[in-house]
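Trainee: Pasting a structure below so you can have a look.
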Amino acid sequence: MGKQLLIKPEKCLGCRTCELVCSFGHNGAFNPRFANVSVMAYEEAAISVPMMCMQCEEPCCMEVCPVGAIFRDEKDAVIINPDKCIGCKMCMNACPLGNIGFNTERRQVHKCDLCGGDPKCAKFCPTGAISYEDPEEGIDRKRAVADHFKDVFGEEAKA
């Protein structure tokens, strides 16, 4: 498995920079309606969560596309070929997370394509709420931190 977008909602400020850089990178205009990421604000919990395609192992969107416009590229990203897309929106209905949008101007669906392996949302996120990394490396870092705290608190517990 390759790199993935990892979301840390506790770090998200709700600045929506990710939406702006995504829409500009894909459409040449700062228009969050056409971004492949949406920041959802949950006021009760006082958090914001960037939402985008999670690049499913078995993508429902790809299975239901009647014209084969959705495929997995060489970098393991699930991509929509705009030249094949007929705008039927079946993939939107099939996505269990609702992470596929519809561009009313182009009359086509759109979703995160990982920016060809260099996701701008992660690159420009000012707080690191979105990162693009190997999930195994992230797990290894978490283990190292946990081991460190175990050692620190383990020593205090003996004293």
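Trainee: Among LEU5, LEU114, LEU97, which comes first, second and so on when ranked by fewest other beta-carbon atoms within 10 Å?
Mentor: So the ranking, lowest neighbour count to highest, is LEU97, LEU5, LEU114.
Trainee: Over 28 Å between Cα atoms: which of LYS11/LYS111; LYS123/LYS150; LYS8/LYS120; LYS11/LYS150 fall into that group?
Mentor: Pairs exceeding 28 Å: LYS123/LYS150.
Trainee: Let me ask something else about it. Order of VAL37, VAL64, VAL109 from fewest to most other C-beta atoms within 10 Å?
Mentor: Sorted ascending by nearby Cβ count, the order is VAL64, VAL109, VAL37.
Trainee: Okay, moving on. Using a Gaussian network model of the chain whose springs link C-alpha atoms within less than 10 Å, name the residue from GLY28, GLY14, GLY68 with the highest mean-square fluctuation.
Mentor: Highest fluctuation among the options: GLY28.
Trainee: Take THR127 and CYS88, extend 7 Å from each Cα along the Cα→Cβ direction, and tell me the distance between the two endpoints in nm.
Mentor: 4.1
Trainee: Can you sort LEU13, LEU6 so the residue with the fewest Cβ neighbours within 10 Å comes first?
Mentor: Sorted ascending by nearby Cβ count, the order is LEU13, LEU6.
Trainee: Work out how much length ALA29 to CYS15 would gain on full extension: take 0.36 nm times their residue separation and subtract the Cα-Cα distance, in nm to one decimal.
Mentor: Working: separation 14, 0.36 × 14 = 5.04 nm, distance 1.74 nm.
So the chain would gain 3.3 nm between ALA29 and CYS15.
Trainee: Quick query: amide H of ILE47 versus all other amide H atoms, modeled in the peptide plane; which residues come in under 5 Å with a sequence gap of 5 or more or a different chain?
Mentor: Residues meeting the amide H criterion: TYR42.
Trainee: Taking every pair of Cα atoms in the chain, average 1/r, invert it to obtain the Kirkwood radius, and report Rg/Rh to two decimals.
Mentor: 1.07
Trainee: Picking from MET54, MET62, MET40, which is most flexible by a Gaussian network model of the chain using Cα springs under 10 Å?
Mentor: The residue that fluctuates most here is MET40.
Trainee: Further question on the same structure: I'd like the chymotrypsin sites (Phe, Trp or Tyr not before Pro) in the range 15-48 restricted to DSSP loop residues with at most 13 other Cβ atoms within 10 Å, sorted by number.
Mentor: Sites meeting the loop and neighbour criteria: PHE30.
Trainee: Would you tally the net charge around VAL21, using a Cβ to Cβ cut-off of less than 11 Å, leaving VAL21 out, and scoring K and R as +1, D and E as -1?
Mentor: +2
Trainee: Please list, ordered by chain and number, the residues whose modelled amide H lies under 5 Å from the amide H of GLN108; skip anything fewer than 5 residues away on the same chain.
Mentor: Answer set, sorted by chain and number: ASN103.
Trainee: Can you compute 3J(HN,Hα) from phi for each residue in the range 58-73, using the Karplus curve 6.51 cos²θ - 1.76 cosθ + 1.60 with θ = phi - 60°, rounded to whole Hz and x for Gly and Pro?
Mentor: My calculation for the range 58-73 gives 10, x, 4, 4, 5, 5, 8, 5, x, 10, x, 7, 10, 8, 9, 7 Hz in order.
Trainee: Taking amide H positions as placed 1.01 Å from N in the peptide plane, with prolines and chain starts having none, which residues 5 or more places from ILE79, or on another chain, fall under 5 Å of its amide H?
Mentor: Counting only residues 5 or more places away or on other chains, the set is PHE71, ARG72, ASP73.
Trainee: While we're looking at this one, here's another question. Relative contact order of the chain, please, whole-number percent, based on alpha carbon pairs below 8 angstrom and at least 6 residues apart.
Mentor: 28
Trainee: Given N residues in the range 56-111, what is its alpha carbon radius of gyration divided by 2.2 N^0.38 Å?
Mentor: 1.02
Rule-based calculations on the coordinates, nothing more; no lab input. Just so it is clear, the model here is predicted, and its values are computed rather than measured. As a convention, Cβ positions derive from the backbone with ideal geometry for all residues, glycine included, and neighbour counts pool all protein chains shown.
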